[in-house]
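The values are calculated or read from the model by the stated rules, or taken from the named source; none is laboratory data. What you see is a predicted model; the values in this text were computed from it and never measured. Neighbour counts are summed over all protein chains in view; Cβ atoms, including those assigned to glycine, are modelled from backbone coordinates with ideal geometry.
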Amino acid sequence: MKTDRPWDKAVVIGGSYAGLVTARVLADFFSEVVVVERDAVDEDTGAHAGAPQGYHAHALLAKGGEILERLFPGLREELRAAGAPVFDYGEGIDFLLPVGLAPRDRTGVRVQTFTRDELERRLRRKVLALPQVRLSPSTRCTGLTRDPSGRVSGVTCRSQGAEPSEPFEVAADLVVDASGRSSSLTDWLTATGISVPPKRTVKAKVTYTSMNFDRPEESRSGQPDYYVAYQMLFAPSVPRAGVLLAVERNRWTCSLFGFEDQPPTDDTGYLAFAESLNNPRLAEQIGRRTVQEPTRRYTNADNQWRLFHTVRDWPDRLIAVGDAVCVFNPVYGQGLTVAALEAELLQRMLNRRRAGGRLDGVGGAFQKKLGRLLLGPWTLSTNSDLMWAPEGQPLVARFAHWYNTRLFHVAVKDAAVWAAFVRVVNMVASPASLFHPLVAFKVLTVTPRKT
C-alpha cells in the first residue's frame, strides 16, 4: 500500500470546487486527505454560502470537461442523465458577437451546461466516497504550523459548530490552500516574516443578476433550437449583455450582465433589461417562465492575482490553488477550467515524485509553474476589462481589442475562423492559432462594417 500512496496525509483548506478536484488528485498519492471546510457541508451539499457566484451561470469549457471526465469517469453521462445537455458549441449556441450572429455550424468542440450547484454536489459525493478522504466541516483554519527546518507541517484549526472548540492542530505532509478569494494565506506568510508582493487587481465593474426558471421539455412543441443564447459584453460598445443556459431538471439559468449598470432583481425590471439586449432569445424565454427560483445579484467581479510564484522563500510542503491564487471576471467562464488545469498540473508533478517519495521542493516549484499557467487566461480576461477605461489602456490590450474586433467581422461570415476562435476560448487550442497565416491574412484584410 505504501508503494501505491507514498505519503501519509494531506490537508486541503476549502471544500468547494477547487478543493474537491484537488482532493481527488491527492487521494491517489496520500493515505489520508483531510478537507477542512468552514461551512456546514456534507455529501448532499451543492452550492453553499462560502462559494462565491454559486447561483449564477457557470461555464465549464471543453478543456475543463475533458479533465473532469478523466478524474471522474462517467461524470458527463451522469449529468446528462439529470438533464444537463451535451452539444457541439457551434450547433447549440445562439451566440451574438458585437458585429452579428456567429455561424451555427459544427465546430467539433463538445460542451455541457449545468448549474454550479449540480456539478459541485456530484463532485462532493464522489470525492467523499473515496476511502482516503475525510471531511472536516464547520471548521476554520487559523494558521500554518512549521517544523524546525521551516517546512509547513500542518494547520491550526478551530471548530465553528454549535460549541466552538479550542484551537487544535492537524499535522500534514502537504497543505493545500483552496479557500478561495477570502484566503488568509498572505497574512499567515507575512506573520512569519515572508514577504508577499501586493496582489494585482484589474477592476471589472460588472454586475451579474441571475435566476433559474422552467424550460420546455424536449417533447413539447416550441422547443428552441439552442441550448445557450448569449450576447457578449464588449468594450465600449456593448455595456449590457447576458447568457441563457439550458441546465438540468428542465430549467434555464439566466445571468444578465451590466457594466456600471446593475440589472434589476425585480421581475418586471429583470425582463425589461433582457428586452434591451440585441439577442432576443433571453427575453423570449424569461417572458415564458411559469416557475422561477430566487433572483440573485453578484457584484464582486474584479480580477485578482496573488503573485505567489514570485515569493523567493516560499515555504516547502505548501501550495495554493484556485481563487486563493487568481480570481477571474466570471463573464469569461475560465475559473472552473483553470482550477481543473491546476489539479492536472499537481497530478503530473506528484507522479514524477512518486518513485522517489520526496515532497521537498514541490511547493515552490508548483507555484512557479502555476504562475506560467495563469498568464494566458489572466491576459485574456484583463485585456478585455482594461478596454472599459476611457484612457490609459496598455498597448497590448489595445492591440488585442483591435485584432479581436477584426476577427469577429471575419468569424460571422467564415465558419472555419469561428471554429478556430471557439477552440481557443475553450482552451483546447493555443491563442497562437488565431495568428496562423491563414487566419491572420483574413483578419488583416477584412473591411470592418460599422455596427
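How many residues does the stretch 223-234 hold that are in contact with a helix residue (DSSP H, G or I) (Cβ under 7 Å, 6 or more places away or on another chain) and among the hydrophobic types (A, V, I, L, M, F, W, C)?
Count: 3.
Thr145 is checked against (1) in a strand (DSSP E or B); (2) buried (at least 19 other Cβ atoms within 10 Å of the Cβ) and fails just one. What number does that condition carry?
Status for Thr145: all satisfied but (2).
Suppose we keep only residues that are farther than 27 Å from Phe408 by Cα and modelled with pLDDT of 95 or more within the stretch 216-248. Which one would you say is farthest from the chain's Cα centre (by Cα)? Before you say what the answer is, go through the steps one by one.
Our first condition is that a residue be farther than 27 Å from Phe408 by Cα; within the stretch 216-248, this holds for 216-223, 247-248.
Retained after the next criterion (residues that are modelled with pLDDT of 95 or more): 247-248.
Values: Val247: 17, Glu248: 19 Å.
Checked the stretch 216-248; the qualifying residue farthest from the chain's Cα centre (by Cα) is Glu248.
Could you look through the stretch 149-171, keep only residues that are among the small types (Gly, Ala, Ser) and surrounded by fewer than 16 Cβ atoms within 10 Å (Cβ to Cβ), and pick out the one that is farthest from the chain's Cα centre (by Cα)?
Keep residues of the stretch 149-171 that are among the small types (Gly, Ala, Ser), which gives 149-150, 153-154, 159, 161-162, 165, 171.
Among the residues that remain, those that are also surrounded by fewer than 16 Cβ atoms within 10 Å (Cβ to Cβ) are: 149-150, 161-162, 165, 171.
Details: Ser149: 36, Gly150: 33, Gly161: 29, Ala162: 33, Ser165: 34, Ala171: 30 Å.
The extreme case among them is Ser149.
Would you mind listing the strands (runs of 3 or more DSSP E) fully within the stretch 179-240 where at least 2 residues are among the β-branched types (Val, Ile, Thr) and surrounded by 17 or more Cβ atoms within 10 Å (Cβ to Cβ)?
Details: elements: 200-202, 206-214, 228-231.
Output list reads 206-214.
So which of Thr45, Thr22 ends up being within 28 Å of Arg353 (Cα to Cα) and of a type in the set (S, T, N, Q)?
Numbers: Thr45 fails: within 28 Å of Arg353 (Cα to Cα).
From the options Thr45, Thr22, the qualifying one is Thr22.
Could you tell me which of the residues Val99, Val196, Val111, Val206 is farther than 30 Å from Asn279 by Cβ and aliphatic (A, V, I, L, M)? Explain how you work it out, then say what you get.
Values: Val99 fails: farther than 30 Å from Asn279 by Cβ; Val111 fails: farther than 30 Å from Asn279 by Cβ; Val206 fails: farther than 30 Å from Asn279 by Cβ.
Criteria check complete, one pass: Val196.
I'm trying to understand the selection: among the residues of the stretch 186-209, which are hydrophobic (A, V, I, L, M, F, W, C), within 19 Å of Trp378 (Cβ to Cβ) and more than 20 Å from the chain's Cα centre (by Cα)? So that I can check it myself, show each step before the final result.
Initial filter on the stretch 186-209 (hydrophobic (A, V, I, L, M, F, W, C)): 188-189, 191, 194, 196, 202, 204, 206.
Filter once more, keeping what is within 19 Å of Trp378 (Cβ to Cβ): 196, 202, 204, 206.
Within the stretch 186-209, Val196 is the sole residue that qualifies.
Scanning for something buried (at least 19 other Cβ atoms within 10 Å of the Cβ), modelled with pLDDT of 95 or more and closer than 30 Å to Asp302 by Cβ, does the stretch 80-91 turn up at least one residue? Before you say what the answer is, go through the steps one by one.
Start the filter on the stretch 80-91 by keeping residues that are buried (at least 19 other Cβ atoms within 10 Å of the Cβ), which leaves 84, 89-90.
So of that shortlist, the ones also modelled with pLDDT of 95 or more come out as 84, 89-90.
Remaining after also requiring closer than 30 Å to Asp302 by Cβ: 84, 89.
Among the residues of the stretch 80-91, at least one is buried (at least 19 other Cβ atoms within 10 Å of the Cβ), modelled with pLDDT of 95 or more and closer than 30 Å to Asp302 by Cβ, which makes the answer yes.
Can you pull out every residue in the stretch 367-390 that is closer than 22 Å to Glu260 by Cβ and not hydroxyl-bearing (Ser, Thr, Tyr)?
Quick first cut of the stretch 367-390, residues closer than 22 Å to Glu260 by Cβ only: 380-390.
Across the stretch 367-390, the qualifying residues are Leu380, Asn383, Asp385, Leu386, Met387, Trp388, Ala389, Pro390.
From the list Val41, Val36, exactly one residue is modelled with pLDDT of 95 or more and either buried (at least 21 other Cβ atoms within 10 Å of the Cβ) or within 22 Å of Val417 (Cα to Cα) (or both). Which is it?
On the way: Val41 fails: modelled with pLDDT of 95 or more.
None of the other options fit; the residue is Val36.
Only one of these is surrounded by fewer than 20 Cβ atoms within 10 Å (Cβ to Cβ), at pLDDT 95 or above, within 20 Å of the chain's Cα centre (by Cα) and not basic (Lys, Arg): Phe72, Phe114. Name it. Outline the logic, then answer.
On the way: Phe114 fails: surrounded by fewer than 20 Cβ atoms within 10 Å (Cβ to Cβ).
Just a single option satisfies the conditions, and that option is Phe72.
Can you list residue pairs whose Cβ atoms sit under 6 Å apart, with the first residue in the stretch 82-104 being in a helix (DSSP H, G or I) and the second being crowded, with 19+ Cβ neighbours inside 10 Å? Count only pairs 6 or more apart in sequence or on different chains.
Within 6 Å, the pairs are Tyr89/Thr107; Tyr89/Val109; Tyr89/Val111; Tyr89/Val422; Gly90/Thr107; Gly92/Tyr227.
If I ask for residues that are within 30 Å of Asp187 (Cα to Cα) and surrounded by fewer than 17 Cβ atoms within 10 Å (Cβ to Cβ), which ones from the stretch 252-301 would you list? Walk me through it before giving the result.
Looking only at the stretch 252-301, we keep the residues that are within 30 Å of Asp187 (Cα to Cα), and these are 297-301.
Those that are within 30 Å of Asp187 (Cα to Cα) and surrounded by fewer than 17 Cβ atoms within 10 Å (Cβ to Cβ): Arg297, Thr299, Asn300.
Of all the helices (runs of 4 or more DSSP H) wholly in the stretch 356-451, which have at least 3 residues that are in contact with a helix residue (DSSP H, G or I) (Cβ under 7 Å, 6 or more places away or on another chain), of a type outside the set (S, T, N, Q) and in contact (Cβ under 8 Å) with a residue 40 or more places away in the chain? Write out each step before concluding.
Values: elements: 362-386, 395-411, 415-425, 437-445.
Correct list: 362-386, 395-411, 415-425.
Pick from Ala23, Ala18, Ala47: which is of a type in the set (A, V, I, L, M), in a loop (DSSP other than H, G, I, E, B) and surrounded by 19 or more Cβ atoms within 10 Å (Cβ to Cβ)?
Values: Ala23 fails: in a loop (DSSP other than H, G, I, E, B); Ala18 fails: in a loop (DSSP other than H, G, I, E, B).
The match here is Ala47.
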